[in-house]
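So the structure is just underneath, and the comments pick up after that.
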Amino acid sequence: MPAGSFTVLLGPSGCGKSTLLRTVNRLVIPTAGTVTLGDRDVASFEPTALRRSIGYVIQAVGLFAHMTVAQNIAIVPELLHWDRERIARRVDELLELVGLDPQRYRNRAPRELSGGEQQRVGVARAIAAEPQVLLMDEPFGAVDAIARRSLQDEMLRIVRTLQTTILFVTHDVEEALRLADRIAVMREGKLVQYATPEEVLRAPASPYVAQLFAMNADLRRYEALRAELARE
């Protein structure tokens, strides 16, 4: 994956997307091959230090219920011994970045937030310490369609702002087309195609990929989505 790129792992449930994602931060240890971060094998990192340097967002969010929004976002910067003023500034910057007013949300408890708001806080927490890489495992799968679209829009805006390298898991073809610079299509634990959205749609590597993308309909949808984004 090129630095600053947005790569989507796409495929049906059980095909190995989440397992592959978790090899990056060593939540899963591969039995063969290597995973590199920059030019360094992730196996050479101390696991805790590695995970603090990589953002991680999951569908369940996992905000700590006994902490405020600000305290949740500040977890990794505090572990890295940032000073209080820097942490406070960073919390407010990130709340604004994910579309939440710091004055209104800083001191709220997670139970006071909607599902979409919790996911926004989860993204803010994951990028709080300016990670090189952000891993996202179906982060918007549990929210309604309107909130999902809004979160996708915020994600695209954040990507343009931060230029963070993102590896994003989904089984939703439209979400992949909307977000990805490159798509890695998976089936039964294997990578079957890795290419730009245009290349996957125009030259699918197998009948499975062609069927997954329902080529003609999704090509029109993709072109419409990109045209819409260009107008924004």
Sulfur and carbon atoms: percent of accessible area, the chain [1.4 Å]: 51 percent
Estimated inter-spin distance, GLU199 and ALA3, nm [label 7 Å along Cα→Cβ]: 2.2 nm
SER13/PHE64 FRET efficiency (R0 30 Å; Cβ-Cβ; nearest 0.05): 0.60
Span from the the range 1-25 Cα centroid across to the the range 91-163 one, whole angstrom: 20 Å
Cut-off 17 Å (backbone N to label point 7 Å along Cα→Cβ of ALA109), residues of the range 26-70: 62-70
Selection from LEU21, THR36, HIS81, by position along the positive dipole direction of the range 15-83 (Cβ): LEU21
Where a label projected 7 Å from the Cα of LEU162 along Cα→Cβ would reach, residues of the range 64-102 with amide N under 14 Å: 73-77, 90-100
Computed [θ] at 222 nm, helices only, for the chain once each DSSP H run of length n ≥ 4 contributes -39500 (n - 2.57): -13500 deg cm²/dmol
Where the chain is the region considered: accessible area per residue in Å², 1.4 Å probe: 51 Å²
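The values are calculated or read from the model by the stated rules, or taken from the named source; none is laboratory data. Keep in mind it's a predicted model, so treat the numbers as computed, not measured. Cβ sites come from the backbone with ideal geometry, for glycine too, and all protein chains shown count toward neighbours. Just so you know, the surface numbers come from the protein's heavy atoms only, side chains and all, with ligands and any DNA or RNA stripped out. Shrake-Rupley method; radii C 1.70, N 1.55, O 1.52, S 1.80 Å.
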